[in-house]
Amino acid sequence: MTIKKGEVFAIETKLGFGFLQCVGVDQFGVEIVRVLESIKATNEISQAEVDLPERYTVHFVVKAALRRKLIARTGTFHIPKSYQIPTKAREKHIARGKFLGWHIIDKKTLKRETKQELSPEDLKLSFHGHPNDTLLKEYLENNWRLENWK
């Protein structure tokens, strides 16, 4: 099963269909997807909607999700020229139930830097890790945004 760069997939939620665009594969073979802004009643999307800024970028096991019919192919679209795959991500640093700050992670080296406060640029960083389809659906249904994740 081949996944093409630029290919868009629909994921069904309680609100309608959300969309994921494959933008690459990481060094471990996991697909990197843009979670697109649109949520629609049908699983059809246009290039204009794909060109809108994404909600966030995450790693997602597209091939496994396709095999299990958790997502459906929608079509192949151009990746916006202004889009760059993020090189950093963030996650909460919690130890023994206590919030100690934020880890800013370099995705290639996995080196972590701890910060107490996030800059405006840091607020735009996606979370680190590989969410499953259930978590992605929940985020879409609740209109979860990076800017509000503090």
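Can you work out the accessible area per residue across the chain, with the rest of the protein chains kept in place, probe 1.4 Å, in square angstrom?
Counting only protein heavy atoms, the per-residue value for the chain is 58 Å².
Can you flag which of Lys5/Lys150; Lys40/Lys63; Lys4/Lys40; Lys40/Lys92; Lys69/Lys111 are past 29 Å Cα-Cα?
Checking Cα-Cα distances, Lys5/Lys150; Lys40/Lys92; Lys69/Lys111 exceed 29 Å.
Cross-link partners among aspartates and glutamates for Lys14, C-alpha distance below 17 Å, same-chain residues fewer than 8 apart left out?
Within reach: Glu37, Glu44, Asp133, Glu138, Glu141.
With springs only between Cα atoms under 10 Å, which of Leu110, Leu125, Leu20 fluctuates most in a Gaussian network model of the chain?
Highest fluctuation among the options: Leu110.
Put a dot 7 Å past each Cα toward the Cβ at Ser46 and Asn142; how far apart are the dots in nm?
3.2 nm
Tell me the carbon and sulfur percent of the accessible area for region 88-150, rounded to whole percent, probe radius 1.4 Å.
Solvent-exposed carbon and sulfur of region 88-150 make up 48 percent of the total.
Dividing the convex hull volume of the Cα atoms of region 69-150 by its residue count, what figure in Å³ per residue is obtained?
Cα-based convex hull of region 69-150, divided per residue, equals 152 Å³.
For the chain, just the Cα atoms, rotate onto the principal axes and tell me the three extents in Å, largest first.
Projected onto the principal axes, the Cα atoms of the chain cover 42, 31, 30 Å.
Of Trp102, His130, Asn148, which is farthest towards the positive pole of region 96-150's charge dipole, taken about the Cα centre with +1 and -1 on the beta-carbons of Lys, Arg and Asp, Glu respectively?
The Cα lying farthest towards the positive end belongs to Trp102.
What's the FRET efficiency of Glu37 with Lys92 using the Cβ-Cβ distance as r and R₀ = 25 Å, to the nearest 0.05?
Step by step, r from the Cβ atoms, then E = 0.50.
So between Lys111 and Arg67, what do we pick up on full extension, going 0.36 nm a residue minus the alpha carbon distance?
Additional length available on full extension: 12.5 nm.
Tell me the relative contact order for region 2-138 as a rounded percent, counting alpha carbon contacts under 8 Å between residues six or more apart.
About 22 percent, as a whole number.
The values are calculated or read from the model by the stated rules, or taken from the named source; none is laboratory data. Since the model is a prediction, treat every value here as computed from it, not as a measurement. Note that each Cβ is placed from the backbone with ideal geometry, even for glycine, and that neighbours are counted across all protein chains shown. Quick note on the areas: whole protein, heavy atoms, side chains included, nothing else; ligands and nucleic acids left out. Shrake-Rupley method; radii C 1.70, N 1.55, O 1.52, S 1.80 Å.
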